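Engineer: Pasting in a structure now, in structure tokens, and then I'll have a few things to ask.
The values are calculated or read from the model by the stated rules, or taken from the named source; none is laboratory data. Note that the structure is a prediction, hence the values are computed from the model and not measured. Here the Cβ is made from the backbone with ideal geometry for all residues, glycine too, and neighbour counts use every protein chain on show.
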Amino acid sequence: MSIPFHNFSISEKGPGLACGGVLISQKYVLTAAHCVTGPSMRKVGKLIAVRLGEHNIETPVDCDDDEIDEDCALPHMDIFIESATPHPNYTAESSSKYNDIALIKLNQAVNYTKDVQPICLGEAAQVSKWNNPGADLVVSGWGQTETRGKP
């Protein structure tokens, strides 16, 4: 049904998608540094929580409905953020996107479910085969699927 490591952050300005991220352990989420510092953060507001287990932000209950079996996700969970730490070499005011990465520490450990799991990182041998023109890869996100019409 889903990509169980993918999540989004909620800002102090209210409900709604602020930034995406990936769960990397029971207490940590990896996100972009521009989400936690600088002009972009000021625009969306300070992040206060992370929503886990959400798969379709347009429906209250997330289900894959086929004619034989309906598979519904467990209710999403919102976990408050204890701290957010951008990469020490990230420069928010620069047009460069170098080091645009941050760690979010959650204020409690996440209980894993079928719909909430940490991202699995491949071993070196597996990863090297992905560095191949024409390889099939999966990208997840909540935002635009194209940039100026270019995938």
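Engineer: Residue check: is LEU17 at pLDDT 85 or above and surrounded by 13 or more Cβ atoms within 10 Å (Cβ to Cβ)? Spell out the reasoning first.
Structural biologist: On the way: at pLDDT 85 or above: no; surrounded by 13 or more Cβ atoms within 10 Å (Cβ to Cβ): yes.
Criteria not met by LEU17.
Engineer: Among the residues in the stretch 123-142, are any within 19 Å of ALA32 (Cα to Cα), touching a Phe, Trp or Tyr at 6+ places or on another chain (Cβ under 8 Å) and not polar (S, T, N, Q)?
Structural biologist: Yes: the stretch 123-142 contains one or more residues that are within 19 Å of ALA32 (Cα to Cα), touching a Phe, Trp or Tyr at 6+ places or on another chain (Cβ under 8 Å) and not polar (S, T, N, Q).
Okay, residues lined up against (1) exposed (fewer than 10 other Cβ atoms within 10 Å of the Cβ); (2) at pLDDT below 90; (3) under 16 Å from the mean Cα position of the chain (by Cα); (4) of a type in the set (Ser, Thr, Tyr):
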site: GLU54; (1), (2), (3), (4): no, yes, yes, no
site: ASP65; (1), (2), (3), (4): yes, yes, no, no
site: ASP71; (1), (2), (3), (4): no, yes, no, no
site: PHE80; (1), (2), (3), (4): no, no, yes, no
site: ASP100; (1), (2), (3), (4): no, no, yes, no
site: LYS105; (1), (2), (3), (4): no, no, yes, no
site: GLU123; (1), (2), (3), (4): yes, yes, no, no
site: GLN144; (1), (2), (3), (4): yes, yes, yes, no
site: GLY149; (1), (2), (3), (4): yes, yes, no, no
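Engineer: Looking for whichever is small (Gly, Ala, Ser), in contact (Cβ under 8 Å) with a residue 12 or more places away in the chain and touching a strand residue (DSSP E or B) at 6+ places or on another chain (Cβ under 8 Å) here; the options are ALA109, ALA84. Which one fits? Spell out how you get there, then give the answer.
Structural biologist: Working: ALA109 fails: touching a strand residue (DSSP E or B) at 6+ places or on another chain (Cβ under 8 Å).
Answer to the selection: ALA84.
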